[in-house]
Amino acid sequence: MNSNVIDAVREKSPLIHHITNHVVMNFSANGLLSFGGSPIMAKEEQEVEEIVQVADGLLLNIGTAVEQDYKSMIRAGIKANDRGIPVLFDPVGVGASQFRQANVQKLLKEITPTVIKGNAAEIAYLADVKWKAKGVDAVGDGNVIELAEKAFDRYQCPVVLTGKRDVIVTAGKTVTNKTGHRWLERITGAGCLLGTIITSCISVDGDLQEQLKEAVYFYGLAAEYASQLQHVKGPGTFIPHFIDALSYDLTFLKEATK
Amino acid sequence: MNSNVIDAVREKSPLIHHITNHVVMNFSANGLLSFGGSPIMAKEEQEVEEIVQVADGLLLNIGTAVEQDYKSMIRAGIKANDRGIPVLFDPVGVGASQFRQANVQKLLKEITPTVIKGNAAEIAYLADVKWKAKGVDAVGDGNVIELAEKAFDRYQCPVVLTGKRDVIVTAGKTVTNKTGHRWLERITGAGCLLGTIITSCISVDGDLQEQLKEAVYFYGLAAEYASQLQHVKGPGTFIPHFIDALSYDLTFLKEATK
Amino acid sequence: MNSNVIDAVREKSPLIHHITNHVVMNFSANGLLSFGGSPIMAKEEQEVEEIVQVADGLLLNIGTAVEQDYKSMIRAGIKANDRGIPVLFDPVGVGASQFRQANVQKLLKEITPTVIKGNAAEIAYLADVKWKAKGVDAVGDGNVIELAEKAFDRYQCPVVLTGKRDVIVTAGKTVTNKTGHRWLERITGAGCLLGTIITSCISVDGDLQEQLKEAVYFYGLAAEYASQLQHVKGPGTFIPHFIDALSYDLTFLKEATK
């Protein structure tokens, strides 16, 4: 036996529509294909509703978004909300500019994410708590559980806060996760691809809390597995082996990282 | 001896202008460089004619195109037609939205591709035949030869239809190809990069039918070779080894995959 | 002991704001993270000043720039000049179109780069000397030292000219570098990532000449190291191992490539 959640993704191969940043498009698409889902990436405002119409999930990531991209995201998000398919929102570097802040506020008024995923600095910004950031990366090590719960309370939306300890908050329940590897911080888009993997896991039938937990746990375990391989000598060789590991069974990864 | 077509590409190192989707730019450029050609990617409408002026071939791929990109593609395509250099058109996910359909119709009125390359669902859309698609990927296994020939008849344009069995239709001749590996469907941009490789092969002197056949055959063989290597353990590690294999001799790949 | 320059980068982990071409974003970000810096990539004109406000260095690369991107570059560059943080300018394929030429002229009137980095054809264009180019790549082997010095004189700006022999010109001093490997010409973005690495090296305290020399020397050595590894069989497998090597100590690379 593997995992109900991951087995269900591989059975269904959900089509995930991405409106995401340019830096991670290739990595996100390859990661999702390896994991067992189907990526599609399109941002022309005139077509996003039709794409969402056939998609099983929607991922919105603002990493390199320009003004027009927010319009496409909002239009896609409203359609996804209408259809009742899951929407994951990744507020990459939201604190970095007034432009991002204003557009994220607007976006969160117009659409209802199923999950908000971000690092401590991003979640802190959304929760209106002071936190240190460096560019799009969070620094510091405060009370991340309190932080994630505050964001949940404010938006009444499940939160995945990533870091050395990941925090998952759903209605009435908070859990943490410790799988992962420091090289995830030495490659670009590790958080973004996790957003993609989570979106695919919440696009199948099941319990949201269970799906989030399984996605985050599996992702970290795949990183641990890849990092310990003999041929992996740094963040560069880590990447292809990590993508491989996303295609493996959870049971295998558990055994292999014991 | 290797292959007349591939040797000619490596001798000439044709400059291929890409107006292509953002997901596959890096993969396409690295694949072409490894194979022996020279990529250039530019989409500002004001400069595409000058780029085409010095290019040996033009690839147009609509995967993530927004409205402005179609204007640049049409302008580049008209210039390429004027100069008599080959134009490969890749109608990625054309059936996915009315926006794509309308813009592709317009594009095909204004420019004459040398080759149209697509998967079954894309070619079916162009040929006005019903077919199933999932996002940008084709599903199902109908009569692909009939499909490709129908598209050829409709556009009076050579067609490469990719899939488990690739179909190549040129004036008065249809051939099929069976090289390839299932991992090409588990990485993003395998079809897009094939478009790049084909464009480089039709940018040298020779018989079009021969060039298309050789490009598709070689590409699949490179995938077979990479997939069987000891260090390749999944789609992630397949990618760099596949790019390596694109730089090898056809004779070597034939021997090694016997 | 490693290198004062590289140690300082790894100590500080400078945040480098990139407005760069779409082909190399992922490669540049991963290369910088491996080396020890922090990348951020944002091009919305409304936010670039705020991003520059917290950045330690700015890289401007025109490879796939459309008209709007030049506006963002100029605004970011003026802000970087105001703050006194280093600006590296990479005029990718500047000779390829009148559009690039006009916009680069405008950009160089409005902002003062700390360093201009380019291949022979690009530097020749800026220095108003005839040179052959193929797309965005330089061909030919003229007097590159004279060329780089001419560009320095014209713009009163330090120049890094890359090629088989790299030339580094600062006020009153010219040095050359011969580390490197031919596979750097068979992968996309090798010059672009070098621009990123240099930007991080000039974002720490120290002597500019020393920083440029060390960055270029180290980069080439990392390529030599990666190319000779047993598992590297072509440009595809070279890439991840090269990214790995960017995280290593200079002393180790020197020993290992002896």
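Yes/no per residue for (1) of a type outside the set (Asp, Glu); (2) more than 9 Å from chain B (Cβ to nearest Cβ); (3) surrounded by fewer than 21 Cβ atoms within 10 Å (Cβ to Cβ):
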site	(1), (2), (3)
A:HIS17	yes, no, no
A:VAL23	yes, yes, no
A:GLY63	yes, yes, no
A:LYS71	yes, yes, yes
A:ALA76	yes, yes, no
A:PHE89	yes, yes, no
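Determine, yes or no, whether B:TYR248 is open to solvent by 30 Å² or more (accessible area, probe 1.4 Å), at pLDDT 95 or above and on the phi < 0 side of the Ramachandran plot.
Judged against the criteria, B:TYR248 is a match.
Quick one: would you say B:VAL5 is within 19 Å of the chain's Cα centre (by Cα) and either open to solvent by 20 Å² or more (accessible area, probe 1.4 Å) or more than 12 Å from chain C (Cβ to nearest Cβ) (or both)? Break it down into steps so the answer makes sense when it comes.
Working: within 19 Å of the chain's Cα centre (by Cα): yes; either open to solvent by 20 Å² or more (accessible area, probe 1.4 Å) or more than 12 Å from chain C (Cβ to nearest Cβ) (or both): yes.
The answer is yes for B:VAL5.
Taking only the range B:93-102 into account, find how many residues are buried (at least 23 other Cβ atoms within 10 Å of the Cβ) and outside any helix (DSSP H, G or I).
Of the residues in that region, 1 qualify.
Looking at (1) away from chain C (no Cβ under 14 Å); (2) more than 14 Å from A:TYR70 (Cα to Cα); (3) in contact with a Pro (Cβ under 8 Å, 6 or more places away or on another chain), which is the only condition A:GLU122 fails?
A:GLU122 satisfies all of (1) away from chain C (no Cβ under 14 Å); (2) more than 14 Å from A:TYR70 (Cα to Cα); (3) in contact with a Pro (Cβ under 8 Å, 6 or more places away or on another chain) except (1).
Given (1) within 17 Å of A:GLU44 (Cβ to Cβ); (2) touching a residue at least 60 places away in the same chain (Cβ under 8 Å), where does B:LEU88 come up short, assuming only one miss?
(1)
Which residues, taken from the range C:31-56, are touching a residue at least 12 places away in the same chain (Cβ under 8 Å), open to solvent by 10 Å² or more (accessible area, probe 1.4 Å) and in a helix (DSSP H, G or I)?
Across the range C:31-56, the qualifying residues are C:GLU49, C:GLN53, C:VAL54.
With the structure loaded, tell me whether C:LEU126 is closer than 24 Å to B:HIS17 by Cβ and either of a type in the set (S, T, N, Q) or in contact (Cβ under 8 Å) with a residue 12 or more places away in the chain (or both) or whether it fails that test. Let's see the steps before the verdict.
On the way: closer than 24 Å to B:HIS17 by Cβ: yes; either of a type in the set (S, T, N, Q) or in contact (Cβ under 8 Å) with a residue 12 or more places away in the chain (or both): yes.
Yes: the conditions hold for C:LEU126.
Which helices (runs of 4 or more DSSP H) sit wholly inside the range A:120-209 and have at least 1 residues that are closer than 23 Å to C:LEU15 by Cα, open to solvent by 20 Å² or more (accessible area, probe 1.4 Å) and not β-branched (Val, Ile, Thr)? Spell out the reasoning first.
Numbers: elements: A:120-127, A:144-155, A:190-201.
Correct list: A:120-127, A:190-201.
Looking at C:THR188, C:THR199, C:THR162, C:THR174, which one is more than 14 Å from chain B (Cβ to nearest Cβ) and in contact with a Phe, Trp or Tyr (Cβ under 9 Å, 6 or more places away or on another chain)?
Details: C:THR188 fails: more than 14 Å from chain B (Cβ to nearest Cβ); C:THR199 fails: in contact with a Phe, Trp or Tyr (Cβ under 9 Å, 6 or more places away or on another chain); C:THR162 fails: in contact with a Phe, Trp or Tyr (Cβ under 9 Å, 6 or more places away or on another chain).
Checking each option against the conditions leaves just C:THR174.
Of the conditions (1) over 13 Å from the mean Cα position of the chain (by Cα); (2) open to solvent by 10 Å² or more (accessible area, probe 1.4 Å); (3) within 17 Å of B:ILE123 (Cα to Cα), B:SER227 satisfies every one except a single condition; which number is it?
(3)
Collect the residues in the range C:108-123 that are of a type in the set (D, E, K, R) and without any contact (Cβ under 8 Å) to a residue 40 or more places away in the chain, keeping them in residue-number order.
Within the range C:108-123, C:LYS109, C:GLU110, C:GLU122 meet the criteria.
Under 9 Å between Cβ atoms, which residue pairs at least 6 apart in sequence (or on different chains) link something in the range C:7-24 that is without any contact (Cβ under 8 Å) to a residue 40 or more places away in the chain with a partner that is open to solvent by less than 20 Å² (accessible area, probe 1.4 Å) and part of a strand (DSSP E or B)?
C:SER13/C:SER38
Would you please list the contacts, defined by Cβ atoms under 6 Å and residues six or more apart or on different chains, that run from a residue in the range B:226-247 that is under 17 Å from B:THR188 (Cβ atoms) and within 9 Å of chain C (Cβ to nearest Cβ) to a residue that is modelled with pLDDT under 95 and open to solvent by less than 20 Å² (accessible area, probe 1.4 Å)?
That search, which allows pairs on different chains as well, returns nothing.
Which of (1) touching a residue at least 12 places away in the same chain (Cβ under 8 Å); (2) open to solvent by 10 Å² or more (accessible area, probe 1.4 Å); (3) not in a loop (DSSP other than H, G, I, E, B) does B:GLN105 not meet, given it meets every other one?
(1)
State all residues of the range A:210-230 that are in a loop (DSSP other than H, G, I, E, B), touching a His at 6+ places or on another chain (Cβ under 9 Å) and either modelled with pLDDT under 95 or polar (S, T, N, Q) (or both); if no residue qualifies, say none.
Answer for the range A:210-230, where residues must be in a loop (DSSP other than H, G, I, E, B), touching a His at 6+ places or on another chain (Cβ under 9 Å) and either modelled with pLDDT under 95 or polar (S, T, N, Q) (or both): just A:GLN228.
The values are calculated or read from the model by the stated rules, or taken from the named source; none is laboratory data. Please read all numbers here as calculations on a predicted model, not as lab measurements. Neighbour counts are summed over all protein chains in view; Cβ atoms, including those assigned to glycine, are modelled from backbone coordinates with ideal geometry. These accessible areas exclude ligands, DNA and RNA; they are computed on the full protein's heavy atoms, side chains included. Shrake-Rupley method; radii C 1.70, N 1.55, O 1.52, S 1.80 Å.
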